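Can you keep this structure in mind? I'll have questions shortly.
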Amino acid sequence: MGKLSLTLNGSEVKNIFPAVTIAVSAAASGDEVIIFVLPAALPVFKKGAYAELNKKAKHLPDLEEMMDGLEMLGARILICELGFDVHGLKEEDLVEGIEVVGATTFVAEAQGSDLTFSF
């Protein structure tokens, strides 16, 4: 069992779907998975945004189902606290199951990762 850390720094299909696909694969294989969402990717985690992104992602798996799978497999999604003011959002605007943290928390949590990716 390994550890995978990912950073998301974009809210487009090309950023989100590859990252989530890799995260689901790793979590299903028994790896610990941590996803750190930087401010540019924060809008994807607003309630209802998964469905909007699905419309743009033709012939790709359903994002909401993949995110539910990540949650069931114990993956952690950490949101950078700096993104809220940038996008005018509040914690209650986001989907359930997300932790709001600072970058230092992610750096500490990511230590010892076998793989690290950035999208």
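The values are calculated or read from the model by the stated rules, or taken from the named source; none is laboratory data. Owing to the predicted nature of the structure, the values given are computational and were not obtained by experimental measurement. Cβ placement follows ideal geometry from the backbone for every residue including glycine, while neighbour counts extend to all protein chains displayed. All accessible areas refer to the heavy atoms of the entire protein, side chains included, with ligands and DNA or RNA removed. Shrake-Rupley method; radii C 1.70, N 1.55, O 1.52, S 1.80 Å.
Does the stretch 1-36 hold any residues that are free of Cβ contacts under 8 Å to residues at least 60 places away in the same chain and among the β-branched types (V, I, T), and which are they?
Of everything in the stretch 1-36, those that are free of Cβ contacts under 8 Å to residues at least 60 places away in the same chain and among the β-branched types (V, I, T) turn out to be V13, V20, T21, V24, V33, I35.
Scanning for something of a type in the set (V, I, T) and at pLDDT 95 or above, does the stretch 80-94 turn up at least one residue? Give the steps one after another, and end with the answer.
Filtering the stretch 80-94 for residues of a type in the set (V, I, T) gives 86.
Filter once more, so that each one left must be at pLDDT 95 or above: none.
No: the stretch 80-94 contains no residue that is of a type in the set (V, I, T) and at pLDDT 95 or above.
Here's something else I'd like to know. Take the stretch 7-50 and flag every residue that is aliphatic (A, V, I, L, M), open to solvent by 20 Å² or more (accessible area, probe 1.4 Å) and more than 17 Å from G97 (Cβ to Cβ). Break it down stepwise before answering.
Step one: list which residues in the stretch 7-50 are aliphatic (A, V, I, L, M), which gives 8, 13, 16, 19-20, 22-24, 26-28, 33-35, 37-38, 40-42, 44, 49.
With open to solvent by 20 Å² or more (accessible area, probe 1.4 Å) added as a condition, the list becomes 13, 22, 24, 28, 38, 40.
V13, I22, A28, L38, A40, listed by residue number.
Residues of the stretch 80-100 being part of a strand (DSSP E or B) and either touching a residue at least 40 places away in the same chain (Cβ under 8 Å) or small (G, A, S) (or both), which ones? Write out each step before concluding.
At the first step, the residues of the stretch 80-100 found to be part of a strand (DSSP E or B) are 80, 94, 99-100.
Selection gives C80, L94.
Which count do you get for residues in the stretch 1-43 that are of a type in the set (S, T, N, Q), closer than 15 Å to C80 by Cβ and part of a helix (DSSP H, G or I)?
Of the stretch 1-43, the ones of a type in the set (S, T, N, Q) are 5, 7, 9, 11, 15, 21, 25, 29.
Restricting the remaining residues to those that are closer than 15 Å to C80 by Cβ gives 5, 7, 9, 11, 15.
Now restrict to residues that are part of a helix (DSSP H, G or I): 15.
The total comes to 1.
Condition test on F117, is it open to solvent by 20 Å² or more (accessible area, probe 1.4 Å), out of contact with any helix residue (DSSP H, G or I) (no Cβ under 6 Å at 6 or more places or on another chain) and part of a helix (DSSP H, G or I)?
No; evaluated as a whole, the condition is false for this residue.
When the residues of the stretch 76-94 are narrowed to those that are under 15 Å from the mean Cα position of the chain (by Cα) and surrounded by 17 or more Cβ atoms within 10 Å (Cβ to Cβ), which ends up farthest from F36 (Cα to Cα)?
Checked the stretch 76-94; the qualifying residue farthest from F36 (Cα to Cα) is L94.
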